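Values in this text are rule-based calculations from the coordinates and carry no lab data. On a predicted model such as this, the values are computed, not experimentally measured, just so you know. Reconstructed Cβ throughout: ideal geometry from the backbone, glycine too, with neighbour counts over all protein chains shown.
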Amino acid sequence: MCQTGNNGPLKAFTTRALTKVYGEGAAQVHALRGVDVEIPAGELVVLLGPSGSGKSTLLNILGGLDRASEGDVMFQEQNLSTMTDAQLTRYRRDHVGFVFQFYNLMPSLTAYENIELVTEIAASPMNPADALELVGLGKRGDSFPTQLSGGEQQRVAIARAVAKQPNVLFCDEPTGALDSTTGRAVLQVLKNVNEALGATVLIVTHAAATAAMADRVIHFADGRIREVRVNRSKRDPRDIEW
C-alpha cells in the first residue's frame, strides 16, 4: 500500500535520465537508456521484461550494488549517485534487504543462525524467531539448509533479508528456481512482508503472471521503460496462473 505525507504519496525512489553502459567502443552494451521513474513508498512493484531488458540493472543501481553511468537516483531525499562507497555500504546495511534466485544460505548454520548473522550488524533488527514466524517457518529454526526444501530455503532467505527491518526489499527472480506451487507460496510471503512491515518490495521477473499481484507494474524493453501500469484490482498470489 502506498504511503502518503502532507505533499501526497511518499516516494521510495526517483530516477532521472538514468543510463548504464558496460564496456567501451564497439563492445559497449547500453543496459539502461535514460530511465525516468518514480516508485512510491510502501508499494509492491513488479519489474517485468525479458532477459537483457535492463530490469536487473535498475534493481542493482537502486540497491546500491552498482552505479549508473549517468543520471540521478534518489532514495527518499538522498542522492545515491553522489554517495561514496562507504556511504553506499551504510545505505545497504541500514535500509535495504536482498533476495536472489539462489538462496545463498550458509550450509553449516541452521535457519535461525543464518538469520542471526544479519541481525548482528543491523541497527534495529527483528528477533530471528519472529522473522521465521513471518515467513511461516517458526518451527524450522533448528533445521540446516540441506534439511529444507527449495521453497523453505527461499523463505529463510526472505526472513534473513527482512530481519533487519529494511525500508526496501529487492527480489531478483525470487521464484526462478521453484515450481509453480512453491513459487506461489514464496510470492504470498513477499505480499505478507509488504503488508506486515510496510516495506517497499521490488520484484524483478520475466514471469508475466506475477504482475497480477503488484500495486504497480513497470515494463522494460531494450533498456527503457515501455509502460508503467497501476493495478486497480490485484490478485492474490495463490490465485495466479503460472
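So which of K55/K164; K20/K55; K20/K191; K11/K191; K11/K55 end up more than 22 Å apart by C-alpha?
Checking Cα-Cα distances, K55/K164; K20/K191 exceed 22 Å.
Per residue of the chain, what 222 nm ellipticity follows from adding -39500 (n - 2.57) for every DSSP H run with n ≥ 4, rounded to the nearest 500?
The helix contribution divided over the chain gives -8500 deg cm²/dmol.
Which of the chymotrypsin sites (Phe, Trp or Tyr not before Pro) found in region 52-102 are loop residues per DSSP with 15 or fewer other Cβ atoms within 10 Å of their Cβ?
F102
Against the globular-protein guess of 2.2 N^0.38 Å, express the Cα radius of gyration of the chain as a ratio, rounded to two decimals.
Working it through for the chain, the quotient is 0.99.
How large are Rg and Dmax for region 131-226 when calculated on the C-alpha trace, in angstrom?
For region 131-226, the Cα-based Rg and Dmax read 13.9, 46 Å.
Roughly what % antiparallel, to the nearest 5, for the DSSP beta bridges in the chain?
Of those bridges, close to 55 percent are antiparallel.
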